[in-house]
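Read-outs: derived from the displayed coordinates by stated rules, not from any lab. All values derive from a computational prediction rather than experimental measurement. Positions of Cβ are generated from backbone atoms using ideal geometry, with glycine treated the same way; all protein chains shown enter the neighbour counts.
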Amino acid sequence: MSSDPIPFRRPPAPPPPPEEKGAEPMFNLPPATLWLAAVIGVSFFVDLLLPGTVGRIFFDSLAFNSLTFWPPGSDLPSLTGLLTLATYTLLHGDFMHLALNLGFLLAFGSYVERSMGLLPYLFLFIVCAVAGALTEFAFRGGSELVLIGASGSVYGVTAAAICFMRVDPRPDRRRTALAFVAVLMGLNLMLGLTGLGEFLAGAQVGWKAHLGGFLAGLLIALAYCRWRPPSAPGGRAEGLRE
C-alpha cells in the first residue's frame with residue numbers, strides 16, 4: 001500500500017519592517033497663521049513691558065485713533081492713520097483678550113489658510129481688520145475712538161471658515177456651519193446690545209468692529225468660492241477692545 005506524498009508548503013514570508021516616521025512637528029500650523037500669532041503675541045508683551053513714555057509711543061503708533069486717522073478739519077485721512085487700520089490688530093488690553101483672539105485665530109485661521117492659500121488668506125486678514133475699524137469709526141461719529149485688538153480680523157477669518165464649511169459636501173459640516181453662524185452672531189448682538197459684554201470684559205468692546213470684520217470675511221470667502229473652489233484643508237488709558 002502506498003500513501004500520497006504530502007505537498008510542500010512554503011512558509012509564509014515575514015511581515016515587512018514598520019516604516020520609520022519622522023517626528024511630528026510640535027505646532028502643525030500653516031506659516032501665515034503661525035507668524036501672525038507669533039507677531040501678535042510678541043507685540044502684546046512688548047507693549048506690556050515697555051516703560052513710561054516709550055511704551056506710550058509704541059502704543060500710540062500702533063493703535064487706531066480716530067483723531068489721528070482723520071484729523072479734525074482735514075479733508076482726507078492721514079498716512080499714519082491709514083497704517084493703523086491694520087496695525088491696531090497687534091495690541092490687546094490684557095491676557096484674556098489676547099488668548100481669546102489667538103485661540104480663534106489658530107483654530108479657524110489654519111483651516112482658512114489651508115483652504116485659500118497664503119496670500120489670499122493674508123489679504124482676507126488685513127481687509128477684515130480695515131473693515132472692522134472703519135465700521136466702528138462710522139458708527140462712532142465725531143467722538144474720539146481708540147481701537148485695539150485682532151477681533152475684527154478673527155471674526156472675518158471665522159466667517160470665511162464657516163463659508164468653506166458650508167460648501168463642504170459632507171452634510172454634518174454644513175449643519176455645523178449654520179449653527180455656528182447663528183450662535184456667534186446671536187451672542188455678539190446680545191452682548192453688544194445689552195452691555196453685558198462690556199460688564200464682563202471690564203472695558204468697552206467694539207461689537208460693531210466684530211460685525212464689520214465678519215461681513216467682510218464672509219463676502220471675500222463667497223467671492224473666492226465662486227471664483228475658485230477652496231482646496232480641502234488638510235496705567236494707560238484703555239482703548240476700545242474689539
Output the residue which, of all residues in segment 98-126 that are in contact with a Ser or Thr (Cβ under 7 Å, 6 or more places away or on another chain) and among the hydrophobic types (A, V, I, L, M, F, W, C), is nearest to L29 (Cα to Cα). L106
Residue tally, condition under 30 Å from L67 (Cβ atoms) and among the hydroxyl-bearing types (S, T, Y), over segment 110-150: 2
Provide a single number: the residues in segment 60-77 that are of a type in the set (A, V, I, L, M, F, W, C) and within 21 Å of F44 (Cα to Cα). 3
